[in-house]
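Inspection log for the structure reproduced underneath, given as structure tokens.
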Amino acid sequence: MRSLARLIVALMLLFPGAMAAFAVETPYIVVDMASGRVLSQRNPHQMWYPASVTKLMNAYVVFKALRAGEVSLATRVIVSKNALAEPPSKMGFKVGTAIDLDNAMKMMLVHSSNDIAVAVAETVGGNEAAFVARMNAEAAQLGMSSTHFVNPNGLPGPGQYTTARDLAVLARTIWTEFPEWRPIFSITAIQSGKRVLKSANNLLDRYPGTVGMKTGFICSSGFNVVAAAQRGGTTMLAVVLGMDNAKDRAELAARLMNDGFEGRSKPGPALAGFRGNSPLPYAIDMRDEICKRKDRGEHEVDAEAAQISSLVPKFKVMDPVPVTTLGLMTADGTIKAVSTDPDPAAPAVKKKAADKKSAKKTAKKAAKAPVTATGDSELPADAANASAATPDAIPASDVPTTKKATKKKAAAPTKLEIGVPFDSTDIAPLPDQGELH
């Protein structure tokens, strides 16, 4: 027995990420929003990768900056090269695109746009590093003693970690200190031009009473959520980390909040003073468990659990909320809202189509080869939808070859629609650990 124990310890030291998933159950915490009392918890102090839940701290810094008069909702957020370089989820707007802060916040918090999160950070903080320093300063001020941020959007980065308890502190602070911002967390979808970009928080249309707040996912974190719901004058807060998929994430959060609403969870310690040490002194890496399984995306709750699901069939909450850009920033600092010039990417697309046609004539084998346009096959669903929103995202093999269709495409100048990516090739393919939800 001692030999087995030593072996397990040795394996955990050699492969901490792979073994940790078996050593520590995934964390959660449930808090009564009004009283701040902890109602139930499991490993609430275990260090974890926050993923896009990081954007709650981004938002908190912005809310404080707005209240202090540092910025306004009309402040221009400009997409930089640094912002555009972020992987999905993203809006994919061209470098120089201007967005007012109000619309940028909706893009960041509803669609979980990583590029906009960086652009907001650069605007409010002066640069990304300075903004992240503010995020960490606010975390320390709030008593989030087991949290550290290295970027403003939650994408993978060494030294980025949090706990369920710390996220509950942050969420409750936002809820109580900035009630005017509560509605943004319950938006189910935004509409940018022709694109409808849905929130990944399926509690919004599966669990009655849900009022937000934010989901997160990278391979290393698993599926995270900070959720809030109201029933009979009570607001419940649940933080669930590291679930296998979005459905299980929502199911557990809903069940935990049901227990709170129905009195099955008794009030415990006050959240502010509820501190402890992480069972394992590092953030558990769920990458092998979540993203290298053959059944990735197929795991569901068992049949018995499905019969007593805390979720209900999908219901409509609201129409998508329109979001727009202001246009492109010109060299003299003015905003060019709409351009009637041909899309600069159009010649490249036309040439690609011509090359494809030529290849078909000279090599039948080449004609059968698959054509990869912008790496859309590697994009998450929302990013793929974003690519499909513009003609430039269409693979050459899909461009109609009839004279009528070709003539129509060549004759009509491309219009840069406000709120639509100006060049779909700006949307990067999904990397190994890209942010999905």
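To make sure I understand, if each residue's beta carbon is the centre and we count other beta carbons within 10 Å, what order do ILE99, ILE174 fall in, fewest to most? Let's see the in-between values first.
Values: ILE99 28, ILE174 23.
If I rank by nearby Cβ atoms, fewest first, I get ILE174, ILE99.
When ranked by the protection proxy of mean other Cβ atoms within 10 Å per residue, highest first, what sequence do the peptides 65-75, 219-229 form?
Highest mean packing first, the order is 219-229, 65-75.
When ILE78, ILE290, ILE29 are ordered from fewest to most other Cβ atoms inside 10 Å of their Cβ, what list results?
Values: ILE78 19, ILE290 23, ILE29 28.
Ascending Cβ contact count within 10 Å gives the list ILE78, ILE290, ILE29.
So how do ASP248, ASP115 line up by other beta-carbon neighbours within 10 Å, fewest first?
On the way: ASP248 18, ASP115 28.
Ranking ASP248, ASP115 by Cβ neighbours within 10 Å, fewest first, gives ASP248, ASP115.
Suppose we keep just the alpha-carbon trace of the range 20-136; what are its Rg and Dmax in angstrom?
In Å, with Rg to one decimal and Dmax whole: 16.7, 49.
Output needed: percent of Cα pairs per 10 Å distance bin for the range 25-323, bins running from 0 to the one holding the longest distance.
Once binned at 10 Å, the Cα pair distances of the range 25-323 give 6, 29, 38, 22, 4, 0.
Just so you know, all these numbers are worked out from the coordinates, no wet-lab data involved. As the structure is a computational prediction, the values presented were derived from the model and not from experiment. Here the Cβ is made from the backbone with ideal geometry for all residues, glycine too, and neighbour counts use every protein chain on show.
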